[in-house]
Amino acid sequence: MKRVVFLSVLAFLLAAAAGVLTYLYLGGAEDRAIGRFTMMDVLVSSGEIPAGTTLGDAQQQGLIERQQFPEEYAPSNVLLEVNDGNRGLVTPDDLAEGQILLTGDFAEPQDAPKLLDVPEGKVAVSLALDAAPRVGDFLIPGDLVAVFASTAKQAGDSSVTQTRVVFPSLEVLAVAGITEAGGIFETDAQTGSLLVTLAVDPNEATKLVNAAQGGQVYLSLLSNGTTVPADSVYTPAGQP
């Protein structure tokens, strides 16, 4: 019985010693492997960095950390530091956690994707409009406009054109992708049109899309305090 206990204890001690030796060997092997390379500090994302985040904000929010990486295998455009020259750069896309940061991951703010601030409870709908239907070049983000639609309907042997108020007042969110007043709008060279993006209630978005698909849409620029009668319809005199 004593012999069995002795052998069991001996086996346990041998197993423990083997584990310690293996750990020490692997640790030494790792140290030897690291010693073969010249290590350098690189910037790594310590958490997901959302699109539109500046490099400086990402650092301030603790989303960037320094890690050592073999210099021989580091990309040529690896980002080495955050400084006054690059802290204002913006990431156009989401960056995953644990990603080595590259200079190409960040761009100048004007090259970053345009972010549209849609009011709570609203959706954004864009219309491609020529100069006259969009009130020439006078629309800017933040303006209020009334939306009119003219449609032709068949009444007996003749065609009847009616114009109705689709929406008495909608907010302009963007013109040609510009979301702030004072931007420079570039007109489409082939069609002369610009995209005008409006904020509309989700349940009424189909009404605006239907008006755009079914006839000619016109916008009118509203001054402060001006109201347009909702759902009013105009039919030229002499037409049924």
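Here, each number is a calculation from the coordinates, and none is a lab measurement. Predicted model, so just to flag it, every value in this text is computed and none were measured.
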Practice problem: Subtract the Cα-Cα distance of L102 and T38 from 0.36 nm times their separation in residues, and report this length gain in nm to one decimal. | Solution: 21.1 nm
Quiz item: Taking amide H positions as placed 1.01 Å from N in the peptide plane, with prolines and chain starts having none, which residues 5 or more places from D93, or on another chain, fall under 5 Å of its amide H?
Solution: G52
